[in-house]
Each structure stands twice: as structure tokens, then as C-alpha cells.
Amino acid sequence: MRDDNCIFCKIANGVIPSETIYEDDMFRVILDLGPASRGHALILPKQHYKDICELEEETAIKVLPLAAKIGNAMKNSLGCAGFNVVQNNGKAAGQTVFHFHVHLIPRYEEGPVMVSWVPGEADPGELTQTGDAIRSALQSEGHIQ
Ligand code: 5GP
Ligand code: ZN
């Protein structure tokens with residue numbers, strides 16, 4: 001499915017031009033217009049999925065191998081020391097374009113890229129309660145027994 005009102009559908013399918021670094025029948029990988037670092041790229045499926053929860057398995061299984069290929073090429077071409085794979089789902093998580101995409105953010109020794117959080121301190125009772133809540137949702141959706 002493609003969504004006529006979605007900018008990433010248009011970019012992924014070549015209707016709007018982009019700095020494309022990779023393309024195959026299912027994906028286009030482009031450079032981000034607001035890069036966190038030099039080479040910041042986005043993996044876009046050509047089909048429209050709002051977020052990871054809508055993604056079809058056939059597409060999903062190809063995403064991480066593609067991220068690894070592009071990340072390796074970044075290390076070999078840009079000299080980054082590593083890279084982050086970031087994927088936001090929902091406004092609360094920082095998603096601003098509601099077409100599933102994966103950020104590949106090259107990391108250099110210098111440069112203030114922030115992909116971080118402040119670690120809290122887990123309370124054992126609260127961990128169990130939280131675990132129970134998620135496990136029971138997985139169970140009612142038939143993913144665990
Ligand atoms: P999100 O916040 O949804 O995870 O990420 C959206 C990303 O898309 C942002 O990093 C933003 O800079 C990038 N972006 C938004 N519009 C465009 C566009 O038209 N072209 C490109 N290349 N990147 C875009
Ligand atoms: Zn779309």
C-alpha cells in the first residue's frame with residue numbers, strides 16, 4: 001500500500017528526489033535532510049507502514065541485514081568509528097514522519113550526537129509488576145502461553 005499524502009512514500013518511490021545511497025525493489029536508503037552527523041541515512045520501505053507495528057514480516061526480516069550493509073559501507077567510506085540504528089514509533093518516542101523508517105547515524109570520535117537516556121534504578125517489585133503486565137498482553141494476543 002502507498003499513501004498519497006505521505007512524503008516518505010513519495011521519496012521512497014522516486015516521486016520526490018532524494019540523495020539516494022541504495023535502492024532495491026523493496027527499499028530506498030536516503031541521506032537525512034536534518035542529519036545528526038555526516039552520513040545520517042534513513043532506510044525507507046517502498047510500501048507504506050505507519051510504524052514497526054504495521055510492518056510486514058517479509059519486509060521486517062530484510063531491515064537489519066540492510067542496516068548492517070549500509071553501516072559497514074559508512075565505516076569504510078566515511079571513517080566513522082561506529083553507528084547507531086535508531087527507530088522511533090509514535091509521537092511520544094520522537095516519530096515525526098509516520099512512515100516506518102530506520103535511522104543509521106554514523107558516530108565519529110568527536111561530535112555531540114545524543115542517542116541516550118538517563119538510567120533509572122529498577123525496583124524488583126515494580127519490575128515483576130511491569131513484567132506481568134507485558135506478559136499478560138503478549139498472552140492475550142497469543143504470542144506466549
Ligand atoms: P523521525 O523523527 O520520524 O524518526 O525521523 C524523521 C527524519 O526524517 C528526521 O531526521 C528528518 O530530518 C527527516 N526528514 C524529514 N523530511 C525529510 C525529507 O523530505 N527528506 C529527507 N531526506 N529527510 C527528511
Ligand atoms: Zn508512506
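Structure notes:
- For region 72-87, Karplus couplings with θ = phi - 60° (6.51, -1.76, 1.60), whole Hz, Gly/Pro x: 4, 5, 5, 4, 6, 9, 9, x, 6, 7, x, 7, 9, 10, 10, 8
- Hz values of 3J(HN,Hα) by residue in region 136-142 - Karplus curve (6.51, -1.76, 1.60), Gly and Pro given as x: 6, 5, 4, 5, 5, 8, x
- Convex hull of Cα atoms in the chain, direction-averaged projection (nm²): 11.2 nm²
- Unmatched cysteines, the chain - criterion: no other Cβ of a Cys under 4.7 angstrom: CYS53, CYS80
- For region 7-140, the relative contact order works out to 23 percent when only alpha carbon pairs closer than 8 Å and six or more residues apart are counted.
- Sparse packing (at most 10 other Cβ atoms within 10 Å of the Cβ) combined with a DSSP loop state is found for the following chymotrypsin sites (Phe, Trp or Tyr not before Pro) in region 80-145: TRP117.
- Annotation: amide H of TYR22 within the under-5 Å range of VAL29, sequence separation 5 or more or interchain, hydrogens built in the peptide plane.
- Solvent-accessible area per residue for region 1-69 (1.4 angstrom probe, square angstrom): 60 Å²
- Near HIS99: Cβ cut-off under 13 Å, other residues only, Lys/Arg at +1 and Asp/Glu at -1. The net charge is +1.
- A protection proxy built from the mean count of other Cβ atoms within 10 Å ranks the segments 64-73, 42-51, most packed first, as 42-51, 64-73.
- Under Karplus coefficients 6.51, -1.76 and 1.60, residue-wise ³J(HN,Hα) of region 106-118 in Hz, glycine/proline x: x, 10, 9, 4, 9, x, x, 7, 10, 10, 8, 8, 8
- Using just its DSSP H runs of length 4 or more, each adding -39500 (n - 2.57), the chain gives a mean residue ellipticity at 222 nm of -10000 deg cm²/dmol after division by all residues.
- Dipole check for region 7-140: with +1 at the C-beta of Lys and Arg, -1 at the C-beta of Asp and Glu, and the Cα centre as origin, the magnitude is about 400 Debye.
- Cut-off 12 Å between beta-carbons: net charge of the residues surrounding LEU78, Lys and Arg +1, Asp and Glu -1: +3
The values are calculated or read from the model by the stated rules, or taken from the named source; none is laboratory data. Please read all numbers here as calculations on a predicted model, not as lab measurements. Backbone-built Cβ (ideal geometry, glycine too); neighbour counts: all protein chains shown. Accessible surface is based on the protein model in full, side chains and every heavy atom, while ligands, DNA and RNA are left aside. Shrake-Rupley method; radii C 1.70, N 1.55, O 1.52, S 1.80 Å.
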